[in-house]
Amino acid sequence: MEHLSVRFEDLEFDFQNPRLFGHLTQRTAKECAETLLEEHDPINIARAMASFGYFANEPMIVLASSDSGPPYSVLEGNRRLLAIRLLLQSDLRE
């Protein structure tokens, strides 16, 4: 397995994740974020990240959407992705 550092902006939710989003008919980034907020409590993750930083020993698992790279689909770490977005994007916090 190859370890890469990728830009936060190049990450997207794993819209096909049935464990998180199986009940959604249309899987948009907004819908996924709302589902995560309602059902999976990323706020506590965001608070921990704000206090202690990102815990790099538990990396997100991502898959390139194409052979050429970004965007990367987050297979494992969708709650962490939303937590990072909440910390960095003030419009999303509203």
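Worth a mention:
- Carbon/sulfur fraction of accessible area - the chain, other protein chains in place, 1.4 Å, %: 51 percent
- Computed helical MRE - 222 nm, the chain, DSSP H runs ≥ 4 contributing -39500 (n - 2.57), nearest 500: -12000 deg cm²/dmol
- Gain in span if fully extended, Arg47 to Arg93, counting 0.36 nm per residue against the direct Cα distance: 15.3 nm
- Relative contact order (%) - the stretch 54-94, alpha-carbon pairs under 8 angstrom, separation at least six: 27 percent
- Per residue, the chain exposes 69 Å² of solvent-accessible protein surface, assessed with a 1.4 angstrom probe and all protein chains in place.
The values are calculated or read from the model by the stated rules, or taken from the named source; none is laboratory data. Note that the coordinates shown come from a computational prediction; the quantities given were computed from them, not determined experimentally. Surface areas here come from the heavy atoms of the whole protein model, side chains and all, with no ligands, DNA or RNA. Shrake-Rupley method; radii C 1.70, N 1.55, O 1.52, S 1.80 Å.
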